[in-house]
Amino acid sequence: MTARPPTMLATMLFFVGTALFAQEPVSKVNVLKINATIQAIDSSTRAITLRDDMGNQDNFTVSDAVTRFNELKVGQKVNITYYESIVFQVLKPGEKGSGTSFEAAFNRAKSALPAGTVTTQDKATVTVKAVDPAVPSVTVVTADGRSVTRKIENKKYIEGLKAGDKVDITYTRAIVTEVQPAK
């Protein structure tokens, strides 16, 4: 098992503010699609400059895990799809949570040009320490004893939630990247 960066659980709990706590699992999914064109490549630093279809331009450093970096060319299109989902479930009294885990997978596509998928999934069981319907907010305690407080979008989302409740959180991210030939 790989240790989770301290900020990962904070990121997971940030989404607590957007989800509804309930006995049934609640999930939220975000998908972001970006189509960009390679503007510049610096092979010595493995940096590429991408410009999206709206004219926004940014620099990115490409990991050494990308073994086909040398196949990237100025003018090629890069299609990126980012998926993010989070699932919350309040556990029944006495029910054991899924615990804490982190998994990651990298899949290189077998294609003419570089392509691949990176997927990560974090799981954590937290204990509700306090619920403040006036703010509205919820404070939870993580498995390693840290307290984290997050504001909630709507107070109805925390109705029925009380100190001592355990909540399973599953946070999944995937990024799919595909390079297209230059036109």
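Within segment 87-117, the set of residues being at pLDDT 85 or above and buried (at least 16 other Cβ atoms within 10 Å of the Cβ) comprises 87, 89, 90, 91, 97, 100, 102, 113, 114, 115, 116, 117.
Among the residues of segment 63-86, those identified as in contact with a strand residue (DSSP E or B) (Cβ under 6 Å, 6 or more places away or on another chain), within 19 Å of residue 174 (Cα to Cα) and surrounded by 15 or more Cβ atoms within 10 Å (Cβ to Cβ) are 78, 80, 81, 83, 84, 85, 86. Please go through segment 145-159 and pick out each residue that is assigned to a loop (DSSP other than H, G, I, E, B) and modelled with pLDDT under 90. 152, 153, 154, 159 - these are the residues of segment 145-159 that are assigned to a loop (DSSP other than H, G, I, E, B) and modelled with pLDDT under 90. The set of residues from segment 26-51 being β-branched (Val, Ile, Thr), surrounded by 12 or more Cβ atoms within 10 Å (Cβ to Cβ) and within 29 Å of residue 157 (Cα to Cα) comprises just one member, 26. Could you list, in sequence order, the residues of segment 69-122 that are in a strand (DSSP E or B) and under 17 Å from residue 180 (Cα atoms)? Scanning segment 69-122 gives 77, 78, 79, 80, 81, 108, 115, 116, 117.
Taking first residues from segment 46-74 that are more than 16 Å from residue 116 (Cβ to Cβ) and partners that are among the small types (Gly, Ala, Ser) and in a loop (DSSP other than H, G, I, E, B), the Cβ contacts under 9 Å between residues at least 6 apart in sequence or on separate chains come to 73/182; 74/182. Each residue in segment 45-56 was checked for being under 17 Å from residue 179 (Cα atoms) and either part of a strand (DSSP E or B) or within 23 Å of the chain's Cα centre (by Cα) (or both), and 6 pass.
How many residues does segment 58-68 contain that are part of a strand (DSSP E or B) and among the charged types (D, E, K, R)?
1
Once segment 124-171 is narrowed to residues that are crowded, with 17+ Cβ neighbours inside 10 Å and of a type in the set (Gly, Ala, Ser), the residue that is nearest to residue 93 (Cα to Cα) is 124. Applying the condition of being in a strand (DSSP E or B) and free of Cβ contacts under 8 Å to residues at least 40 places away in the same chain to segment 34-44 and asking which residue is nearest to residue 79 (Cα to Cα) yields 39.
The values are calculated or read from the model by the stated rules, or taken from the named source; none is laboratory data. In this text the structure is predicted, and so the values were computed from the model without any measurement. Positions of Cβ are generated from backbone atoms using ideal geometry, with glycine treated the same way; all protein chains shown enter the neighbour counts.
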